[in-house]
1. Where residues in region 76-101 are more than 29 Å from Arg122 (Cβ to Cβ) and out of contact with any strand residue (DSSP E or B) (no Cβ under 9 Å at 6 or more places or on another chain), which of them is surrounded by the fewest Cβ atoms within 10 Å (Cβ to Cβ)?
2. Taking the conditions exactly as written (at pLDDT 90 or above and not acidic (Asp, Glu)), does Pro107 satisfy them or not?
3. Conditions first: (1) modelled with pLDDT under 75; (2) in contact with a strand residue (DSSP E or B) (Cβ under 7 Å, 6 or more places away or on another chain); (3) surrounded by fewer than 17 Cβ atoms within 10 Å (Cβ to Cβ); (4) not hydroxyl-bearing (Ser, Thr, Tyr). Val139 passes all but one, so which condition is the exception?
4. Taking the criterion of being under 23 Å from Pro161 (Cα atoms) and among the β-branched types (Val, Ile, Thr), would at least one residue in region 62-79 satisfy it?
5. Taking Asp47 and the conditions (1) within 13 Å of the chain's Cα centre (by Cα); (2) surrounded by 17 or more Cβ atoms within 10 Å (Cβ to Cβ), which numbered condition does it fall short on, given that it satisfies the others?
6. So if I check each of Asp94, Asp47, which one is charged (D, E, K, R), in a loop (DSSP other than H, G, I, E, B) and within 24 Å of Gly163 (Cβ to Cβ)?
7. More than 20 Å from Gln142 (Cα to Cα), touching a helix residue (DSSP H, G or I) at 6+ places or on another chain (Cβ under 6 Å) and at pLDDT 85 or above: is that true of Leu21 in this structure?
Amino acid sequence: AAREAAAGLTAGGGRSMGAWLRLATRLFQAVPSATQRHVVLLTDGRDEDESPEDLAAAVHEAAGLFQCDCRGLGADWDVAEVRSISTTLFGSVDLVPPPGDLIGALPGLGHEAVSRGAADARLHLWAPRHAEVLFVREVSPQAQQLTGRRIDVSRLVDGFPTGAWAEQTRDFHV
């Protein structure tokens with residue numbers, strides 16, 4: 001069915017990453033029982049058919065629903081734009097091998113996605129009464145700010161979503 005649907009597609013126009021993210025959001029909302037929620041965004045450029053605000057809104061709507069690893073093809077993609085998507089959606093950013101090697105790289109992307117064990121891991125921090133957690137950052141394997149993602153777990157415990165993990169170690173600055 002996927003091949004048949006893809007055969008009817010024609011390329012044209014610019015890129016609408018926000019529209020793509022909104023479609024992924026709707027698909028994941030329609031399947032509430034999915035444990036691993038992961039997409040791979042392949043791009044060879046930048047978001048052209050939407051305003052930066054539209055793209056930011058689409059990323060915000062997807063936050064917490066799925067993870068998004070982003071891969072850039074060629075040299076014309078906007079790394080900062082793609083990194084903002086992957087950081088918010090707990091994904092990674094990387095280059096895709098040359099077009100002739102793309103088919104061989106796709107199984108590795110799938111394997112990387114399914115190797116993540118915990119679908120929605122959280123860092124829980126306990127602080128004594130009258131103490132306050134001022135900031136939380138993941139510093140390795142990738143730097144990202146977690147402070148604004150704080151979730152109340154209990155009166156003394158704050159939770160910070162970290163996305164899905166594979167068998168790995170992460171470092172945080174608290």
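1. Among those residues, the one meeting the criterion is Gly100.
2. no
3. Single failed check for Val139: (1).
4. Within region 62-79, not a single residue is under 23 Å from Pro161 (Cα atoms) and among the β-branched types (Val, Ile, Thr).
5. If we test Asp47 against (1) within 13 Å of the chain's Cα centre (by Cα); (2) surrounded by 17 or more Cβ atoms within 10 Å (Cβ to Cβ), just (1) comes out false.
6. Asp47
7. yes
For (1) of a type in the set (A, V, I, L, M, F, W, C); (2) farther than 23 Å from Pro107 by Cα; (3) assigned to a helix (DSSP H, G or I); (4) out of contact with any His (no Cβ under 9 Å at 6 or more places or on another chain), each residue gets a yes or a no:
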| residue | (1), (2), (3), (4) |
| --- | --- |
| Trp20 | yes, no, yes, yes |
| Leu27 | yes, no, yes, yes |
| Val31 | yes, yes, no, yes |
| Asp54 | no, yes, yes, yes |
| Ala80 | yes, yes, yes, yes |
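The values are calculated or read from the model by the stated rules, or taken from the named source; none is laboratory data. Predicted model only: the values in this text are computed from it and were never measured. As a convention, Cβ positions derive from the backbone with ideal geometry for all residues, glycine included, and neighbour counts pool all protein chains shown. Calculation scope for accessible area: heavy atoms of the full protein, side chains included, ligands and nucleic acids excluded. Shrake-Rupley method; radii C 1.70, N 1.55, O 1.52, S 1.80 Å.
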